[in-house]
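Engineer: Okay, handing you the structure first.
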Amino acid sequence: MDSVHRKPALPLVRLSLLLPFVEELDRRGLETNAVLKASGLVRDALFDHDVFVPPIVVHRFLEDAARAAGDPYLCARVGETLDDATWPPLVDAVSRARTLGDFVIRFIRAAKDEATSAKHVLEVGQRLAFFREKRTSEQEIAPAQNDAFTAAYVLRLIRRAAGPTWNAQDVRLTVCDPAALPDRYMGTQVNRGDRMGMTVSFPSAWLLQPFDARGFVESSSGRPVRGDPPIEFLESLRRTLQPHLQAPNLDVAFVVRLVGMSRQSLQRKLRAKGTTLSAEIGELKKRRAIEELVQSDRSIGEIATSIGFQNPTSFARAFKAWTGESPREYRRNRRVRLPDPSESRPGTPGRS
């Protein structure tokens with residue numbers, strides 16, 4: 001789902017890229033929130049375009065979603081019906097590409113802004129072109145549904161661009177698990193590969209075919225601003241932890257499973273930065289608590305629960321250790337009181 005020019009310290013994927021899959025589960029009337037929860041996710045986080053997660057979170061969610069739907073081809077179906085004009089990695093290509101080659105290049109450039117967990121490459125030979133997705137880290141589980149999704153939308157776009165020159169026998173597809181695609185998918189030959197990415201090969205002459213954008217929905221000019229995915233390790237780790245601050249078991253065991261890294265590697269990287277996991281988690285919880293106290297009207301109990309405290313008392317104790325004040329004192333002392341309009345009217349006596 002993504003691309004980058006150098007190997008990141010902690011590969012990440014923008015969580016909002018999962019929205020088409022959530023919408024499909026909703027459309028099928030499934031318990032989508034339960035599937036999200038099984039991967040440690042909440043629905044609201046998908047609408048925050050600055051939330052990133054490790055690729056293992058994406059892979060687990062997609063595999064769980066296919067099982068919940070009872071459909072081994074779930075993600076292929078999503079790829080076949082994807083709204084290309086609104087899915088971020090494709091928006092620029094859909095609106096501006098003039099040939100298939102132009103489309104692929106624009107996609108590769110846009111995809112790097114959505115994640116650091118893989119890079120996309122177009123290799124062009126005299127007879128064949130190869131579009132490859134190359135993951136930047138070893139995968140804990142086979143990303144079968146992820147590969148199937150990518151294969152589905154890439155093949156659909158290639159077939160559309162090829163037009164009358166399309167011949168399925170000229171196309172070869174390699175994914176980690178062919179069982180995630182229907183047999184002879186789109187008439188192509190499907191081969192088994194490894195977990196490090198999928199490949200589609202097709203005649204290079206098709207890259208010169210005009211890309212017909214008719215039929216695509218016009219992309220919105222009011223798309224939300226999307227920050228770049230972080231590359232540096234500590235910032236990547238912080239972005240990874242933020243959606244999970246409410247988890248009551250946010251400990252080393254939880255985090256190493258979340259990031260797909262051994263305990264020793266995680267602790268070594270943290271030591272090199274002069275910090276510890278508990279210090280990072282504490283700082284993130286402190287920042288979230290301060291933001292909620294100053295900018296929201298949520299109760300102290302609600303804020304405590306949102307950052308993983310079992311009760312307001314333990315939260316208040318921790319918050320006083322962080323700031324020297326209780327949550328109530330901090331809120332009272334720092335919230336901005338809007339001026340009473342009557343106080344600024346000419347001739348209106350001030351309040352004593």
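The values are calculated or read from the model by the stated rules, or taken from the named source; none is laboratory data. Since the structure is predicted, the reported quantities are computational estimates derived from the model, not experimental observations. Glycine gets a Cβ as well: all are built from the backbone with ideal geometry, and neighbour counts include every protein chain shown.
Engineer: If you go through region 65-108, how many residues are of a type in the set (D, E) and closer than 13 Å to F211 by Cβ?
Structural biologist: Selection size over region 65-108: 3.
Engineer: Would you please list the contacts, defined by Cβ atoms under 6 Å and residues six or more apart or on different chains, that run from a residue in region 195-209 that is in contact (Cβ under 8 Å) with a residue 12 or more places away in the chain and surrounded by fewer than 21 Cβ atoms within 10 Å (Cβ to Cβ) to a residue that is among the acidic types (D, E) and not in a loop (DSSP other than H, G, I, E, B)?
Structural biologist: Pairs found: P203/D170.
Engineer: Quickly run through region 229-274 and pick out the residues that are in contact with a His (Cβ under 9 Å, 6 or more places away or on another chain), in a helix (DSSP H, G or I) and buried (at least 20 other Cβ atoms within 10 Å of the Cβ).
Structural biologist: Selection gives V255, L258.
Engineer: Something else: Give the residue, chosen from V13, V94, V22, V35, that is touching a strand residue (DSSP E or B) at 6+ places or on another chain (Cβ under 7 Å) and either touching a residue at least 12 places away in the same chain (Cβ under 8 Å) or of a type in the set (K, R) (or both).
Structural biologist: Exactly one residue qualifies, and that residue is V13.
Engineer: When residues of region 215-260 are filtered for being aliphatic (A, V, I, L, M), farther than 29 Å from T86 by Cβ and at pLDDT below 80, how many remain?
Structural biologist: Within region 215-260, residues that are aliphatic (A, V, I, L, M), farther than 29 Å from T86 by Cβ and at pLDDT below 80 number 1.
Engineer: Condition check: of a type in the set (A, V, I, L, M), crowded, with 17+ Cβ neighbours inside 10 Å, touching a Leu at 6+ places or on another chain (Cβ under 6 Å) and touching a residue at least 24 places away in the same chain (Cβ under 8 Å). Does A161 satisfy that?
Structural biologist: Here the answer is yes, as A161 does meet what is asked.
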